[in-house]
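The values are calculated or read from the model by the stated rules, or taken from the named source; none is laboratory data. This one's a predicted model, so the numbers in the text were calculated from it and none came from an experiment. Neighbour counts run over all protein chains shown; Cβ positions are idealised from the backbone, glycine included.
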Amino acid sequence: MGSMAQPAPQLSSDTGVAMRLSPLVRRVLAPNPSPFTYQGTQSYLIGESDLAVIDPGPDDERHLDALMQAIDGRPVVAIVCTHTHRDHSPATRPLARLTGAPIIGCAPLALNDDGPRADASFDFDYTPDRVLTDGETIGGTGWTLTAVATPGHTSNHLCFALEEERALFTGDHVMGWSTSVVSPPDGDMTDYLVSLERLVGRKDAIYYPAHGEPIKEPQRFARGMLGHRKMREGQILRFLDRQGASTIPEMVAVMYVGLDPRLHGAAGRSVLAHLIDLDGRALVERATEGHWSLAS
């Protein structure tokens, strides 16, 4: 899915550098690259005279030093989180201690997820000072952030709209290099597809994802992501029609040819999320333990 992005501009992979993306937006890349995070988590600084920090990232001393250097003594109005995976929210706590800023954004969520993404398990210690609901705003001098509820990747996921620049910070809901993993039990494909439809209907001019390049044609990109999910859904239904009752690993082996083997587990979680969604629509059913089939 990364090939669908229209990058603007091409971002450096240098960590610890505050790169200006627009009059109100700078980006600092955390030093946590992986098969799940691409070059790393991108923290965003919003504003000039006073600031918000979106997704401060992992609790890494090098990244915190880079954020503090970029903040450069200016007041921080809010430390904002899109969701509570460990590559996004742990730095809220040391950054709050260093700046005195409140932690504002998504709701806390502590869930034992049996998925394969140890690097993206939930941050059990995330404690916000204020939880934003859909449509609520925070602001500073010359900038306003509006919360946009986008459950699916996680049930507590929020995007944030920078009203003055028609920009949307999409966290992991839409990424500039890959599709988002939707991993049950908390990840929900039905919710994810509804959230994508919501973004298609918005008037954003650019997306700033937590991983990957900015996206200049956001509605086209979101429509493409919906098309990709429908394609995966069709693959599952055709596979089960041909093969009968099958397991998720069997489906992954056919549907994800050429995928990095380290990502097979995560791909399996997204297949499971699709199957749960299809089951809810009475198109598939659990056949025997570990096996799925078309609904009878």
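Might you let me know whether region 197-210 holds any residue that is at pLDDT below 95, under 30 Å from V148 (Cα atoms) and among the hydrophobic types (A, V, I, L, M, F, W, C)? The answer is yes; a qualifying residue exists.
Of the residues making up region 228-257, just one is among the small types (G, A, S) and under 20 Å from L193 (Cβ atoms), namely G234. Residues in region 284-296 that are touching a residue at least 24 places away in the same chain (Cβ under 8 Å) and in contact with a helix residue (DSSP H, G or I) (Cβ under 7 Å, 6 or more places away or on another chain): V284, W292, S293, L294.
The listed residues are G187, G139, and the only one of them that is in contact (Cβ under 8 Å) with a residue 60 or more places away in the chain and not in a loop (DSSP other than H, G, I, E, B) turns out to be G139. The C-beta contact set for region 12-38 (first residue at positive phi, second residue in a strand (DSSP E or B), distance under 9 angstrom, 6+ apart or interchain) comprises G16/V28; G16/L29; Y38/G176; Y38/G212.
Only one of the listed residues (T190, T170) is touching a Cys at 6+ places or on another chain (Cβ under 7 Å), among the β-branched types (V, I, T) and at negative phi. That residue is T170. Residues that are touching a residue at least 60 places away in the same chain (Cβ under 8 Å) and assigned to a helix (DSSP H, G or I) within region 157-184 comprise E164, E165, listed in sequence order. Looking across region 263-291, the residues that are exposed (fewer than 14 other Cβ atoms within 10 Å of the Cβ) and out of contact with any strand residue (DSSP E or B) (no Cβ under 9 Å at 6 or more places or on another chain) come down to G280, R281, A282, T288, E289, G290.
Is there a residue in region 69-77 that is part of a loop (DSSP other than H, G, I, E, B), closer than 25 Å to V174 by Cβ, touching a Leu at 6+ places or on another chain (Cβ under 7 Å) and modelled with pLDDT of 95 or more? No, there is no match, as no residue in region 69-77 is part of a loop (DSSP other than H, G, I, E, B), closer than 25 Å to V174 by Cβ, touching a Leu at 6+ places or on another chain (Cβ under 7 Å) and modelled with pLDDT of 95 or more. For region 1-54, a residue qualifies if it is modelled with pLDDT under 80, crowded, with 20+ Cβ neighbours inside 10 Å and either of a type in the set (G, A, S) or assigned to a loop (DSSP other than H, G, I, E, B) (or both), and the qualifying residues are A5, F36, T37. The conditions are (1) surrounded by fewer than 23 Cβ atoms within 10 Å (Cβ to Cβ); (2) in a loop (DSSP other than H, G, I, E, B), and L237 fails exactly one of them. Which is it? With (1) surrounded by fewer than 23 Cβ atoms within 10 Å (Cβ to Cβ); (2) in a loop (DSSP other than H, G, I, E, B) applied to L237, the lone miss is (2). Among the criteria (1) part of a helix (DSSP H, G or I); (2) touching a strand residue (DSSP E or B) at 6+ places or on another chain (Cβ under 7 Å), the one G227 does not fulfil is (2).
When restricted to residues that are small (G, A, S) and either over 15 Å from T170 (Cα atoms) or outside the structural domain of S155 (by TED's automatic domain parsing) (or both), region 180-200 contains 2.
Output yes when any residue across region 276-287 is at pLDDT 95 or above, closer than 20 Å to V174 by Cα and not hydroxyl-bearing (S, T, Y), and no when none is. Yes, region 276-287 has at least one match.
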